[in-house]
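**Student:** Before we start, here is the structure in question, set down as structure tokens.
Here, each number is a calculation from the coordinates, and none is a lab measurement. Keep in mind it's a predicted model, so treat the numbers as computed, not measured. No Cβ is skipped: glycine too gets one built from the backbone with ideal geometry, and neighbour counts run over all protein chains shown.
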Ligand code: ADP
């Protein structure tokens, strides 16, 4: 069965707001260790999809399974965070009055449930882990800087680092490239490809160049369901996709 070997499995998920279906029989499957890009025009249901996966919104119908067996539709936000599903919102949420290293320390020490409430875990092994994360998020040289003094893009990286400190199994990332410079955007694609070696990642993104750079399977959402799925080349040559999205 499809669900068995998956990290995230959505089957016919429907979410209605006053009769309007923000998600309409949405089904897709993310394999363990996969990075998936989710694209789609405004109003396609991308945010609602992340809301149902993280327990912020309950689906009216459908199944959402984590790691092949855990039914996420029965759990609340904190329980889902505790399972190891991290969510990076579009806007960076870091402690500006703490240093880069201080932010990571905090994330390393905070229980996943508490972390989830605060944003939306120094021993020697912790220090080592922080150094690793600093390396990953390209902020080794900025470890002692106040987060307030980072660029917008660097704050996004720091927050990704804080999520990594929580050791997620699945990371949901909302438009990481929004507001970034071209150089930061390109670096973010490399960074995400690196972290996708350690955990599964679902990236919601508008920037097509960035999605192309990710080089991963793309799911195109439209009116709350999957319009097309495949490589960026496949979906960008799909007539349905050109009509509703890329052709605009
Ligand atoms: P996207 O993130 O792809 O832009 P959303 O998931 O935010 O799309 O929204 C999908 C549709 O659902 C939109 O038409 C939006 O107006 C509607 N919607 C989302 N949240 C609510 C809500 N809480 N109440 C009513 N309508 C909503």
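**Student:** Return the ratio Rg/(2.2 N^0.38 Å) for the stretch 1-104, where Rg is computed over Cα atoms only.
**Tutor:** For the stretch 1-104, the normalised Cα radius of gyration comes out at 1.19.
**Student:** Here is a follow-up. Based only on other Cβ atoms within 10 Å, what is the fewest-to-most ordering of 155, 56, 217?
**Tutor:** Listed from fewest to most nearby Cβ atoms, that is 56, 217, 155.
**Student:** Can you tell me how the stretch 163-224 classifies by the Cα gyration tensor, rounded, prolate or oblate, using a/c under 1.5 as the rounded cut?
**Tutor:** Oblate is the answer for the stretch 163-224, as a/c is 1.5 or above yet b/c matches or exceeds a/b.
**Student:** Kirkwood Rh over alpha-carbon pairs of the stretch 41-147, then Stokes-Einstein at 37 °C and 0.692 mPa s: what D in µm² s⁻¹, rounded to an integer?
**Tutor:** Answer, rounded: 209 µm²/s.
**Student:** Let me ask you something else. log₁₀ I(q)/I(0) of the stretch 112-248 at q = 0.09, 0.17 Å⁻¹, via Debye over equal Cα point scatterers, no solvent, to two decimals?
**Tutor:** -0.33, -0.99
**Student:** Count the DSSP beta bridges whose two residues both fall in the chain, then state the antiparallel fraction as a percent rounded to the nearest 5.
**Tutor:** About 55 percent, rounded to the nearest 5.
**Student:** Arrange the peptides 35-44, 169-178 so that the one whose residues have, on average, the most other Cβ atoms within 10 Å appears first.
**Tutor:** Packing proxy ranking, top to bottom: 169-178, 35-44.
**Student:** If you don't mind, there's one more thing I want to ask. When each pair of different Cα atoms in the stretch 35-81 is counted once in the 1/r mean, what is the Kirkwood radius in angstroms, to one decimal?
**Tutor:** After inverting the pairwise mean of 1/r, the radius is 11.5 Å.
**Student:** For q values of 0.08, 0.14 Å⁻¹, compute log₁₀ I(q)/I(0) with the Debye formula on a Cα-only model of the chain, without solvent.
**Tutor:** -0.30, -0.92
**Student:** Which order do peptides 237-243, 99-105 fall in by mean Cβ count within 10 Å, highest first?
**Tutor:** 99-105, 237-243
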